[in-house]
Amino acid sequence: PDKENGIVYDITAQKGKTEIYKGVQTETYGYNGSFLGPVIRINKGDTVKFRTNNNLTEATTFHWHGLDVPGVGDGGPHQLLQPGETKEVEFTVNQQASTLWFHPHPEGATAEQVYKGLAGLIYVEDNNSKNLGLPDDYGTNDFPLVFQDRQFNEDKQFDYKAVRNQDGTIGDTMLVNGTLDPKLTVGKEKVRLRLLNGSNARNYTFKLNTGDSFKQIATDGGFLNKPTEISEITLTPGERAEIIVDFSNLDASSDIALINEDDTILLPFKIDEQKTNSIKIQETLNNYVVTEEEKNLPVTKELELFGMGKMVYINDKQFDMNRIDFTQKQGETEIWEIYNKPDMMGGMTHPFHIHGTQFKIVSIDGKEPPVSLQGWKDTVAIESGQTIKLAVKFNNKGIYMFHCHVLEHEENGMMGQVEVL
Ligand code: C2O
Ligand code: CU
Ligand code: CU
């Protein structure tokens, strides 16, 4: 940040060339660099200014995924920046510690711009997060990990249009923080991994190849109430989770790696035996609760997700920039009931995301959500046939998008708008 003029962050979308494969320059997009973006750190209570610049040769927007921000600054498709244009967004950070992210959102080009490399992270800190005893030494025991699959052509370039899949573009090559064949060096100690599924469409189920468990400490929008022992966690596009892996408990003589559901390696670790810490994490991290009142509120918004490929709908409609689908009062909690209607093929999971808010999952098919989902969320996977109830409250006014975070579904119209009045 440039602290001379208050807390100002300059964020520039630009084109670049990145050496992803040794000796080869791949044409990429990035924020303040050639590929991906910086971590923006903001603190609860601070008034911050994002000065956004578009140095691309096409229009873009700057969307803050998970940030509680007035609609005019949300960076949805309405807030387009033409090439060369600069816009400032000023707001007071009014949400708890969490790992958020940012990416473009121009109508019709979101999926392609993200695919080419536009994505960065936002860390929100607060008084609580600094006193939990969590590993927080960036790049030493606290790592951002952005998982993206990509398809390179023969020249090792991204040719998005050639590989675009209307049900979500996937690739055969895994990049972690934009790196091919990554390896992460960690100490024999407790390490915090901030996982972001930044892929256009692929889901990941993260687990350790050793079969050991780890602790989940956070969901999209804040800490879980307690570090929770789990052996795997699934993230659909847009979702985040923070986990603590205690490498001092793992057998360093074997190769340790984060793997996916199908056992493919996502991230191998290298253990630095010399590096240790004696971090003691607090037992209580948060005071998240779905209240009885929230559980008993009537459903006031019903959404039905349906379709595949180019024929994807929310309540039988496709996105129209000039249509407001719902209104909601600022500061009022409403229950959104979202049903993912199966089709003849069975249907697919849609990661459902709402801008400008963190919501609570009240129930999944009438049941309490698993512990991994008992925390603030902005994106939730809804499986085919499932009905999910969310308690949704907006603290700011303005127009916000809600959509499937399979970016090609979003692009194909699986998106609507709620105006907060
Ligand atoms: Cu990551 Cu419209 O969102
Ligand atoms: Cu978003
Ligand atoms: Cu979808």
How many residues does the range 133-149 hold that are surrounded by 19 or more Cβ atoms within 10 Å (Cβ to Cβ), more than 18 Å from Thr179 (Cα to Cα) and not polar (S, T, N, Q)? 2
Quick one: in the range 378-388, which of the residues that are surrounded by fewer than 21 Cβ atoms within 10 Å (Cβ to Cβ) and not β-branched (Val, Ile, Thr) is nearest to Gly238 (Cα to Cα)? Glu383
Are any residues in the range 374-421 of a type outside the set (A, V, I, L, M, F, W, C) and within 12 Å of ligand 3 (Cβ to nearest atom), and if so, which ones? Thr379, Glu383, Ser384, His403, His405, Glu408, His409, Glu410, Glu411, Asn412, Gly413
Identify, please: which residue in the range 409-419 is part of a strand (DSSP E or B) and surrounded by fewer than 23 Cβ atoms within 10 Å (Cβ to Cβ) and is, among those, farthest from ligand 2 (Cβ to nearest atom)? Glu419
Scan of the range 65-89 for residues that are within 17 Å of Asp10 (Cβ to Cβ), surrounded by fewer than 24 Cβ atoms within 10 Å (Cβ to Cβ) and within 16 Å of ligand 2 (Cβ to nearest atom), ordered by number: Gly73, Val89
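Hey, could you check the range 53-84 for residues that are in contact with a Gly (Cβ under 7 Å, 6 or more places away or on another chain) and among the hydrophobic types (A, V, I, L, M, F, W, C) and say which is farthest from ligand 3 (Cβ to nearest atom)?
Val72
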Please enumerate the residues belonging to the range 236-256 that are within 20 Å of Pro135 (Cβ to Cβ) and either out of contact with any Leu (no Cβ under 6 Å at 6 or more places or on another chain) or modelled with pLDDT under 95 (or both). Glu242, Ile244, Val245, Asp246, Phe247, Ser248, Asn249, Leu250, Ala252
Just one of the numbered conditions (1) more than 15 Å from ligand 1 (Cβ to nearest atom); (2) within 29 Å of Thr284 (Cα to Cα) is not true of Ile122; which one? (1)
Contact list, first residue from the range 227-248 and in contact (Cβ under 8 Å) with a residue 12 or more places away in the chain and on the phi > 0 side of the Ramachandran plot, second anywhere and buried (at least 22 other Cβ atoms within 10 Å of the Cβ) and not hydrophobic (A, V, I, L, M, F, W, C), beta-carbon distance below 7 Å, six or more apart or interchain, is Gly238/His65; Gly238/Asn197; Gly238/Pro351; Gly238/His353; Gly238/Thr379; Gly238/His405
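Given the options Thr99, Thr169, Thr110, name the one that is within 30 Å of Lys226 (Cα to Cα), at pLDDT 95 or above, of a type in the set (Val, Ile, Thr) and within 16 Å of ligand 1 (Cβ to nearest atom). So that I can check it myself, show each step before the final result.
Details: Thr169 fails: within 30 Å of Lys226 (Cα to Cα); Thr110 fails: within 30 Å of Lys226 (Cα to Cα).
None of the other options fit; the residue is Thr99.
Among the residues that make up the range 402-414, is at least one of them more than 19 Å from the chain's Cα centre (by Cα) and under 26 Å from Phe223 (Cα atoms)? Before the answer, list the steps.
From the range 402-414, those more than 19 Å from the chain's Cα centre (by Cα) are 412-413; that's our starting set.
From the residues that got through so far, the ones that are under 26 Å from Phe223 (Cα atoms) too are none.
Checking the range 402-414: not a single residue is more than 19 Å from the chain's Cα centre (by Cα) and under 26 Å from Phe223 (Cα atoms).
Just to be sure before I move on: is Lys317 more than 16 Å from ligand 1 (Cβ to nearest atom), over 24 Å from Ile361 (Cα atoms), at pLDDT below 95 and surrounded by 13 or more Cβ atoms within 10 Å (Cβ to Cβ) in the structure I sent?
Details: more than 16 Å from ligand 1 (Cβ to nearest atom): yes; over 24 Å from Ile361 (Cα atoms): yes; at pLDDT below 95: no; surrounded by 13 or more Cβ atoms within 10 Å (Cβ to Cβ): yes.
Spelling it out, it is not the case that Lys317 is more than 16 Å from ligand 1 (Cβ to nearest atom), over 24 Å from Ile361 (Cα atoms), at pLDDT below 95 and surrounded by 13 or more Cβ atoms within 10 Å (Cβ to Cβ).
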Residue that is buried (at least 20 other Cβ atoms within 10 Å of the Cβ) and hydroxyl-bearing (Ser, Thr, Tyr), where the choices are Thr357, Thr349, Thr327: Thr357
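Name the one entry in Phe152, Phe158 that is in contact (Cβ under 8 Å) with a residue 24 or more places away in the chain, more than 23 Å from His65 (Cα to Cα) and surrounded by fewer than 20 Cβ atoms within 10 Å (Cβ to Cβ). If you could, list the steps in order and put the result at the bottom.
Numbers: Phe158 fails: surrounded by fewer than 20 Cβ atoms within 10 Å (Cβ to Cβ).
When all the criteria are applied, what remains is Phe152.
Kindly check whether there is at least one residue in the range 39-61 that is within 14 Å of ligand 2 (Cβ to nearest atom) and either aliphatic (A, V, I, L, M) or surrounded by 17 or more Cβ atoms within 10 Å (Cβ to Cβ) (or both). It would help to see each step written out before you state the result.
First, pick out the residues of the range 39-61 that are within 14 Å of ligand 2 (Cβ to nearest atom): 61.
From what's left, either aliphatic (A, V, I, L, M) or surrounded by 17 or more Cβ atoms within 10 Å (Cβ to Cβ) (or both): 61.
Taking every residue of the range 39-61 in turn, at least one turns out to be within 14 Å of ligand 2 (Cβ to nearest atom) and either aliphatic (A, V, I, L, M) or surrounded by 17 or more Cβ atoms within 10 Å (Cβ to Cβ) (or both).
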Give me the pairs, please: first residue somewhere in the range 310-326 and touching a residue at least 40 places away in the same chain (Cβ under 8 Å) and closer than 14 Å to Pro342 by Cα, second residue anywhere and of a type in the set (A, V, I, L, M, F, W, C) and in a loop (DSSP other than H, G, I, E, B), beta-carbon distance under 7 Å, and either six or more positions apart or on two chains. Val312/Met414; Tyr313/Met414; Ile314/Met414
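The values are calculated or read from the model by the stated rules, or taken from the named source; none is laboratory data. None of these values were measured; they are calculated from a predicted model. FYI the Cβ positions are ideal-geometry reconstructions off the backbone, even for glycines, and counts take in every protein chain you see.
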